[in-house]
Amino acid sequence: MTQFGFELLATDGAARLGRVDTAHGPMDTPAFMPVGTAGTVKAMMPESVAATGAQTILGNTYHLMLRPGAERVGQLGGLHEFMQWKGPILTDSGGFQVMSLAKLRKMTEEGVAFQSHIDGSKHLLTPERSMRIQHLLDADITMAFDECTPFPATPEQAAQSMHLSMRWAKRSKEAFVSRPGYGLFGIVQGGIYHDLRAESACALRDIGFDGYAIGGLAVGEGQDLMFQTLDFTAPMLPAERPRYLMGVGKPSDIIGAVLRGVDMFDCVMPTRSGRTAQGFTRRGTVNLRNARHQDDARPLDADCACPACRQYSRAYLHHLIRSEEILGPMLLTWHNIQFYQDVMKGLRGAIAAGRVHDFADDFLATQAQGDIEPI
């Protein structure tokens, strides 16, 4: 039986090359995990997601507990069987969505009481209930229940939020059902404050987790503040455990975070952008809605091997988007996930070769050139 673990294979400065082993297979790091909120990566078949090179996807505790229900998914064999995804699955704790989506929520020491945004039904989400839901979903990586500290927050507000999350982290650890191949991650909070992040990291290390996430970033603080926070937070986390920056982000965000020692990422950006006519390319982001593409026979990105680039022209993608054909978002979503996986593969190769800073400089310089000239 596979044991959950992390192997650090190489370093280049603070950047790390590694592998996470789980009950449903390995994940090579640095890794980008596509988001499958409600048991599906939107506009993608599971085998298509896997074809991009993605090894792990996300499921969402809040959404799945409300519909179709965690107990139902458990009875049907867990989320892997339910959605036919063969690789690892990470589930978030539901805390962020409760704060951002639920109606009439009330937070106490016990947890968060809220009304569903779907039908108004009443629920109580606690650390213990979150662990139970993620267990029923059969998540390979379970996230501790926490409060995502908003930005901006005063030091007093950030401290109060962080201390509550640390108490909830301890309860999450006590409620987690340990078994081979499955891991539990704690989440560092504390806003942009060095002392609070240090206190949070120390508290989580004392509790002991299989991996450590950095939460409460990419919530409006901007890239500079995010990188400053990572500069002092990442080194506080155990080197022998994977590090996960939650909800990040743009390719430049990911590259900057990898250079600061982060191993795992997730974000809705590639899928959401694919549904809004945005395509990520090696020379920046392209809006396929723009009329300049309507006669362009060239591919979206000549260096990409996804179906959108290998088989279709910009003109056709533009036509699909303007005609509101479903195939347009499907192809652009596939392309964007492929692009993100290609970036991660490039980072892994560069770390192994000891040239990750050259890779980062070249990538960012090419992005800055902007899209290819119109024909």
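Laid out as a table, the results:
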{"quantity": "Meets criteria (part of a helix (DSSP H, G or I), closer than 21 Å to A70 by Cβ and of a type in the set (G, A, S)) for S165", "calculated": "no"}
{"quantity": "Residue count for the range 180-207, restricted to those that are assigned to a strand (DSSP E or B) and β-branched (V, I, T)", "calculated": "2"}
{"quantity": "Restricting the range 178-232 to residues that are surrounded by 16 or more Cβ atoms within 10 Å (Cβ to Cβ) and among the hydroxyl-bearing types (S, T, Y), the residue that is farthest from I89 (Cα to Cα)", "calculated": "Y193"}
{"quantity": "Subset of the range 208-226 (residues that are of a type in the set (D, E, K, R), over 20 Å from W168 (Cβ atoms) and outside any helix (DSSP H, G or I))", "calculated": "E221"}
{"quantity": "Qualifying positions in the range 140-184 - of a type in the set (A, V, I, L, M), in contact (Cβ under 8 Å) with a residue 60 or more places away in the chain and either outside the structural domain of H24 (by TED's automatic domain parsing) or touching a Pro at 6+ places or on another chain (Cβ under 9 Å) (or both)", "calculated": "I141, A144"}
{"quantity": "Within the range 1-51, considering residues that are closer than 23 Å to G247 by Cβ and β-branched (V, I, T), the one surrounded by the fewest Cβ atoms within 10 Å (Cβ to Cβ)", "calculated": "T40"}
{"quantity": "Residues of the range 57-114 that turn out to be of a type in the set (D, E, K, R), farther than 20 Å from F32 by Cα and assigned to a loop (DSSP other than H, G, I, E, B), as a count", "calculated": "3"}
{"quantity": "Residue under evaluation Q223, criteria (1) under 21 Å from the mean Cα position of the chain (by Cα); (2) within 21 Å of Y62 (Cα to Cα), criterion not met", "calculated": "(2)"}
{"quantity": "Of all residues making up the range 81-112, the number that are more than 17 Å from R171 (Cα to Cα) and surrounded by 17 or more Cβ atoms within 10 Å (Cβ to Cβ)", "calculated": "13"}
{"quantity": "Enumeration of residues in the range 89-109 that are among the charged types (D, E, K, R) and closer than 25 Å to Y212 by Cβ", "calculated": "D92, E109"}
{"quantity": "Residue check for G215: within 18 Å of the chain's Cα centre (by Cα) and within 29 Å of L136 (Cα to Cα)", "calculated": "yes"}
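Yes/no matrix, rows are residues, columns are (1) touching a strand residue (DSSP E or B) at 6+ places or on another chain (Cβ under 7 Å); (2) in contact (Cβ under 8 Å) with a residue 24 or more places away in the chain:
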position	(1), (2)
C202	no, yes
F209	yes, yes
G216	no, yes
G222	no, no
N287	yes, no
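Table: residues versus (1) under 19 Å from V219 (Cβ atoms); (2) under 24 Å from the mean Cα position of the chain (by Cα).
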| residue | (1), (2) |
| --- | --- |
| I141 | no, yes |
| D146 | yes, yes |
| P150 | yes, yes |
| P155 | yes, no |
| K173 | no, yes |
| R179 | no, yes |
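The values are calculated or read from the model by the stated rules, or taken from the named source; none is laboratory data. Please read all numbers here as calculations on a predicted model, not as lab measurements. All Cβ positions, even for glycine, are placed from backbone atoms using ideal geometry, and neighbour counts span all protein chains on display.
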